[in-house]
Structure formats: C-alpha cells, structure tokens
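Trainee: Please see the structure below; I have some questions.
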Ligand SMILES: [Zn+2]
Ligand SMILES: [Zn+2]
C-alpha cells in the first residue's frame with residue numbers, strides 16, 4: 001500500500017509526502033521550514049517523521065528550503081548531480097546522488113527517477129512502488145516524451161501536471177519571453193497534454209489521477225478538470241485537483 005498526500009502544488013511551492021511501509025518520503029520542499037512544519041501538522045506529521053527528502057530540480061518552488069531542512073532534521077537529500085550543482089544552497093546535511101532510470105531503494109520504497117524535458121540542469125520526476133502498486137509524479141515538463149508515456153503506463157496513481165490553458169497564457173499578463181518559456185517544449189504541460197497522455201496509456205489499474213501544478217494566472221480549475229475528464233471518460237466533477245494552499249488530502253493505493 002502506498003499512502004500519499006500533497007502539502008501544496010503550484011509555482012509558489014510544492015511538497016508531496018509518500019509513505020510506503022515504514023518509509024516516509026518528502027518529495028520537494030518548496031516552502032520555508034516554518035511553513036512546511038505548519039503544513040505537515042495539518043496531516044498529523046512533523047519533519048522528524050521523515051525518512052528522507054527527494055528533490056526533483058533546482059527551481060525554488062521545488063528545492064526551496066530542502067538544504068536547511070536537511071540540516072535541522074539531519075535528513076538525507078536524494079537528487080541528481082545536476083540539481084545539486086545548480087542548487088544555490090547545496091549545504092545538504094547528507095546527499096545521495098541519483099541517476100535517471102537507475103531505480104533505487106530507500107528502506108521499504110522502490111523509486112525510479114526518470115527524466116523530463118524541463119528548463120533546469122538535470123530534472124528528474126519519480127515513480128514509487130511498494131511491489132504491488134505504482135505511484136507516478138509527473139510535473140514540470142514542457143512536453144510529453146515517449147519515455148514519460150512508458151513510465152505512466154499501467155500506473156495505479158498518477159499525479160499529472162495541468163499547468164495552463166494555452167489561450168489563457170497567450171492572452172494573459174505575462175511578458176512574451178515568459179509566455180514562450182512556459183508554453184515551450186521545456187516549460188510546463190498545458191491541460192490538453194494531460195488529456196493526450198491519459199489517452200495514450202493503459203489505464204486498467206489507474207485509480208487515482210490528480211491534476212497538479214496549476215497556474216494561478218493562466219488556468220482555471222474547471223478547465224483542468226475538463227481536460228482530465230476527457231482523458232478518463234468521466235464527469236469533470238469526479239476529478240481531483242491539487243491546490244496551492246492545501247494540496248490534496250491523504251489517498252491510498254489499497255483497494256477501497
Ligand atoms: Zn514547478
Ligand atoms: Zn520547474
């Protein structure tokens with residue numbers, strides 16, 4: 001069984017908790033330590049309950065306070081060499097470098113880091129397994145690569161970026177250069193990419209899909225819901241969206 005929840009998702013900060021057996025992982029720490037403590041308390045946890053921290057890439061909404069957190073709570077940070085190199089504060093208490101597509105075990109958790117096309121040094125997103133079920137985190141990608149389709153295929157749970165609506169981005173207040181960055185092949189996934197990915201994969205085992213990393217400027221929750229529903233053949237009201245303020249509540253891969 002995999003238990004997971006988000007403490008917040010979006011460009012103002014990301015943090016995900018994944019529990020497998022007695023292993024409890026924090027994936028990204030895009031908040032201050034104080035804010036992380038506050039958000040963890042909401043799900044009855046404290047940083048001292050963590051086994052380790054994984055960091056996907058060096059953008060501030062992901063790496064945030066990972067280094068000071070690791071020092072204060074004596075935690076090991078698992079991240080790619082490129083992310084470590086690009087981190088402004090690389091003073092991790094302990095660091096374990098990971099390689100894309102080289103799976104690793106952290107106690108009870110099996111973890112597969114995989115590459116995504118994103119404008120950072122060496123970004124990796126993660127798939128997690130307890131041996132029976134697989135949870136895939138897939139955000140901060142400019143387009144869906146064939147490798148991402150392979151990874152998402154057959155997953156039990158998929159946390160999938162629905163960053164923006166292209167028309168809203170085009171008409172919005174961002175400067176042209178930022179619009180190009182976000183909408184480009186190494187930026188962020190638009191809503192329709194989520195539909196497309198869901199249409200390309202085997203969804204026989206898929207019980208959890210959550211729309212992640214929504215832009216507060218260039219998206220509406222309803223548009224993201226429609227995109228997910230189109231890929232899942234369900235009612236938009238049945239879809240789940242992670243919010244910046246509260247993420248999403250605990251879910252588990254065990255059959256309900
Ligand atoms: Zn991000
Ligand atoms: Zn990013």
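Trainee: Take residue 150 and decide whether it is in a loop (DSSP other than H, G, I, E, B), touching a strand residue (DSSP E or B) at 6+ places or on another chain (Cβ under 9 Å) and either at pLDDT 95 or above or away from ligand 2 (no atom under 16 Å from the Cβ) (or both).
Mentor: So residue 150 fails the test.
Trainee: Restricting the search to the range 1-49, which residues are away from ligand 2 (no atom under 16 Å from the Cβ), out of contact with any strand residue (DSSP E or B) (no Cβ under 9 Å at 6 or more places or on another chain) and in contact (Cβ under 8 Å) with a residue 40 or more places away in the chain?
Mentor: 22
Trainee: How many residues are away from ligand 1 (no atom under 16 Å from the Cβ) and in a loop (DSSP other than H, G, I, E, B) when one looks only at the range 112-138?
Mentor: Selection size over the range 112-138: 4.
Trainee: OK, next. Identify, please: which residue in the range 56-78 is within 16 Å of ligand 1 (Cβ to nearest atom) and outside any loop (DSSP other than H, G, I, E, B) and is, among those, surrounded by the fewest Cβ atoms within 10 Å (Cβ to Cβ)?
Mentor: Only one residue fits best here, namely 60.
Trainee: Can you tell me how many residues in the range 203-232 are farther than 18 Å from residue 140 by Cβ and out of contact with any helix residue (DSSP H, G or I) (no Cβ under 9 Å at 6 or more places or on another chain)?
Mentor: Count: 5.
Trainee: Take the range 193-203 and flag every residue that is part of a loop (DSSP other than H, G, I, E, B) and closer than 22 Å to residue 242 by Cβ.
Mentor: 201, 203
Trainee: Being more than 14 Å from ligand 1 (Cβ to nearest atom) and surrounded by fewer than 20 Cβ atoms within 10 Å (Cβ to Cβ) is true for just one of 53, 43. Which residue is that?
Mentor: Within the list 53, 43, the selection yields 43.
Trainee: For the range 170-192, which positions are assigned to a helix (DSSP H, G or I), within 15 Å of ligand 1 (Cβ to nearest atom) and buried (at least 21 other Cβ atoms within 10 Å of the Cβ)?
Mentor: Hit for the range 170-192 is 182, nothing else.
Trainee: Which residues, taken from the range 204-256, are within 16 Å of ligand 1 (Cβ to nearest atom), part of a loop (DSSP other than H, G, I, E, B) and surrounded by 15 or more Cβ atoms within 10 Å (Cβ to Cβ)?
Mentor: 213, 214, 215, 218, 219, 242, 244
The values are calculated or read from the model by the stated rules, or taken from the named source; none is laboratory data. As the structure is a computational prediction, the values presented were derived from the model and not from experiment. Ideal geometry is used to build each Cβ from the backbone, glycine not excepted, and the neighbour counts take in all protein chains shown.
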